[in-house]
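See below for the structure under consideration.
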Amino acid sequence: MTAAGVTPTSTSAAAIDQRSPAANHRRRIRRRHHRACRTGRTGRTTDRTEGQDAMTAIHSSGVELGFEQTVPRATAHRRAVGEVFVTDSARLSDDEFLLAWQIPRAHSLWGDRTVPHHDPFSIAEAARQGSFVVVHRYLDIPLDLPFTLRRFDFRVGALEPFRDDGRAPLQGLLRYRISDREFRGGELGTMTLTGTLEIGGAPVMTVSGDTVFLSRADYEALRAFQRARKHLADIPPWKPAAPVDPAAVGRRDRRNVVVGEPTEPAEPVVLAEPVAPAGQVRYPLVIDRAHPSYFDHDYDHVPGPFIVEGFRQTALLSATAEGALLSPVAAMTGLRTTFSGYGEFEGPLEYVAEPAVRRPGAVEVRVGLRQFGTEIAEGRIELSPYPYA
């Protein structure tokens, strides 16, 4: 999931932090944390009020974070305030950080579901935004520095904590730890983030990702080199695909569908491994660059979260078509994804799914995303039926 292409700004993260109305609140949080460290205060995360109505939450570390307002949108790499899901943050140690997050109830994308459960992928998006908040607020990474999330994984525990009570937004805490920092020329080059998300004090998801940082000059040189090798000016005209029926991927709103009707190529499709047989079904990626959430701001490439949603929808279509999944109304409870290249807007992109692997209570589907004859990303998607009881 790439972070390049965020809206440029000349204002530093530190300056934004100083002007934020939440600055005094964060200082109070730090004082509570230091007192908690001195007194050895421990225990489970608790909410100041009951359930998802809580305005603050106290972590087992003793740090209290709030859900009163979002962090500045630039630090979360979003243009619209309504697309920011991180509400507060604090540093626990040199390598550990705590963040609060909340998912809006009426969000046009994450509220587009047919079951009384919140989408677990929505809090993975909160975790992605949280990684940006950490690097800008606490690692002094400039807001306009390009960096790429080369690998992103998550795993969901039980789905019951995601049940929608019909009256309150989904919210909780995220604890991040940084490891495997590598420096190039005195600057941070790569690092790994691992985290645990909690709802109501109980862990519900683990996340992990590898991030690569580039200078602006290095990024622009890399993109120019890659685009020149693809001969984008020589691509023949092509007709964008129409999206599949929303119900086929568990949606209601057609605008949130990102894959098209499947096609069967005349030539064999080669995945990373193994080789897919001739006649393997392809699912074209459907791109709407005016979508308010997938394309909240401009990108110079197809963004990672959008690609992952395509992985999910392709896995749903493929697993239901072969009978491995009885209904497309299923949660993405596991994701392992890697990005080996950038997707370009000038040419068609297609997903290819391998046969589903059945597991107890779930199925797993490997999906590759291809462009110009090369696989540029892969995702291993675990799908689990929602509990209706």
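Bear in mind that the values in this text are calculations on the coordinates, not laboratory data. What you see is a predicted model, and the numbers here were worked out from it, not measured in a lab. Cβ: placed from backbone, ideal geometry, glycine included. Neighbour counts: every protein chain shown.
Odds and ends about this structure:
- Extension reserve of the His291-Leu232 stretch, reckoned as 0.36 nm per residue once the Cα distance is removed: 18.8 nm
- Contact order, relative form, for region 231-385: 22 percent (alpha carbon pairs under 8 Å, 6 or more residues apart, mean separation divided by residue count).
- Positive-end extreme of charge dipole, region 94-230 - chosen from Ala221, Ala158, Gly209 (charges on Cβ): Ala221
- Prolate/oblate/rounded call for region 101-242, Cα gyration tensor, a/c under 1.5 rounded: oblate
- For region 215-258, the square roots of the Cα gyration tensor eigenvalues, ordered a ≥ b ≥ c, give a/c of at least 1.5 with a/b no greater than b/c, which places it in the oblate category.
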